[in-house]
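Here the structure comes first, spelled out in structure tokens, and everything after it is commentary.
The values are calculated or read from the model by the stated rules, or taken from the named source; none is laboratory data. Fair warning: this is a prediction, and the values are worked out from it, not measured in the lab. Counting neighbours? That spans all protein chains shown, and the Cβs are built from the backbone with ideal geometry, glycine included.
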Amino acid sequence: MFYAYLSARKKVLLVILLGSFPSWLIAFLYGLPIDWLLYAMLLSILLVGVYAGYDFWRFYRKHIQLQRIRKSLEAALEELPESQNLIETDYQNILRQLQASKRQAVSQADQARADLIEYYTLWGHQIKTPIAALDLLLQTEKSVFSETCSAELFKIEQYVQMLLSYLRLDSGSTDFVIRRYDLDSILRQAVRKYAKLFVGRKLTLNFQESHEQVLTDEKWLGFVVEQLLSNAIKYTQTGTITILTEDRVLMIQDTGIGIVPEDLPRVFEKGFTGYNGRLNQKSTGIGLYLCQRILVKLGHSIKIESQLGKGTTVSIELGETSVRILE
């Protein structure tokens with residue numbers, strides 16, 4: 001700190017040193033006694049030392065004040081130290097102008113995001129009507145073609161739901177309803193929704209009931225389970241998908257292609273698709289990112305374990321708030 005002060009006042013110190021040189025020169029040229037000059041210098045040093053101590057204290061106090069302001073920058077400009085000269089006043093005016101511009105830009109960005117969310121929310125609800133109508137029309141015809149179309153239509157519906165969930169997650173309108181829910185009921189709804197895909201892919205489902213309740217939000221936890229089931233089905237060609245709960249940990253296991261070890265630490269990153277995503281060009285890298293974000297908001301946690309070529313296990317820690325239902 002003292003070194004920083006000396007660096008900031010180096011010009012003043014240089015002027016003081018140069019200012020004493022004429023006195024020494026005059027005393028030398030006129031052969032004046034050196035005692036009075038030394039006495040004058042000591043008095044000057046004392047006065048300069050007193051002023052330097054006071055100036056250093058003001059310098060240090062301003063530094064501490066600015067450091068405190070930097071930590072809470074939004075309301076900082078109202079607490080700036082009083083300017084000591086015209087240049088400091090100019091700097092403070094520039095900072096206030098920049099803050100005003102920032103607030104205006106943030107307000108415009110917030111409004112633009114709100115408009116975007118409103119538009120896509122309306123679009124999402126409107127698109128559900130033709131999707132439901134097409135699904136009903138396809139159910140009236142039993143053929144391989146209609147079943148294929150129905151499966152693709154189901155994917156469209158899931159992508160729409162993912163879009164709406166993505167927009168709502170940070171919009172402040174996530175409409176969480178936190179209370180105790182029957183975990184098995186949430187799991188059954190997700191399984192019924194994906195029943196056609198299980199049949200179409202000829203996959204075996206091993207659903208072990210948990211008989212537990214969990215403090216969560218039914219809709220959002222159900223969305224997470226659906227995303228995990230979708231991934232399990234997508235990356236499992238043959239075999240079994242298992243859903244079980246042990247010690248308040250919900251596990252969804254598959255016998256799919258697995259995840260390469262170097263991708264595991266990054267599977268929850270936004271937009272990360274990894275090696276499997278490059279194989280499957282339709283992968284968005286958003287599903288697991290959303291799952292983790294939602295579970296954090298719900299007070300749960302998630303982790304993934306996988307062996308390449310053997311399968312993947314996704315574990316959701318439901319927390320100590322889960323209680324077993326009395327049978």
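Answer yes or no: is there a residue in segment 282-305 that is of a type in the set (Ser, Thr, Tyr), out of contact with any Cys (no Cβ under 7 Å at 6 or more places or on another chain), over 16 Å from Tyr166 (Cβ atoms) and surrounded by 20 or more Cβ atoms within 10 Å (Cβ to Cβ). Checking segment 282-305: not a single residue is of a type in the set (Ser, Thr, Tyr), out of contact with any Cys (no Cβ under 7 Å at 6 or more places or on another chain), over 16 Å from Tyr166 (Cβ atoms) and surrounded by 20 or more Cβ atoms within 10 Å (Cβ to Cβ).
Does any residue of segment 251-259 turn out to be among the acidic types (Asp, Glu), at pLDDT 90 or above and touching a helix residue (DSSP H, G or I) at 6+ places or on another chain (Cβ under 7 Å)?
Looking for residues that are among the acidic types (Asp, Glu), at pLDDT 90 or above and touching a helix residue (DSSP H, G or I) at 6+ places or on another chain (Cβ under 7 Å), one finds at least one in segment 251-259, hence yes.
Does Val214 qualify as being of a type in the set (Val, Ile, Thr), within 28 Å of the chain's Cα centre (by Cα) and loosely packed, with under 14 Cβ neighbours inside 10 Å? In short, no.
Going by what's in this entry, would Asp184 be described as crowded, with 17+ Cβ neighbours inside 10 Å and more than 24 Å from Gly285 (Cα to Cα)? Here the answer is yes, as Asp184 does meet what is asked. Only strands (runs of 3 or more DSSP E) whose full extent lies in segment 153-266 are considered here, and none of them has at least 1 residues that are assigned by TED's automatic domain parsing to the domain that holds Asp135 and free of Cβ contacts under 8 Å to residues at least 24 places away in the same chain.
Quick grid of which residues meet (1) assigned by TED's automatic domain parsing to the domain that holds Leu153; (2) farther than 29 Å from Tyr166 by Cα; (3) at pLDDT below 85:
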| residue | (1), (2), (3) |
| --- | --- |
| Leu86 | no, yes, yes |
| Leu98 | no, yes, yes |
| Gln104 | no, no, no |
| Ala114 | yes, no, yes |
| Ile117 | yes, no, yes |
| Tyr120 | yes, no, yes |
| Gly124 | yes, no, yes |
| Ala132 | yes, no, no |
| Thr140 | yes, yes, yes |
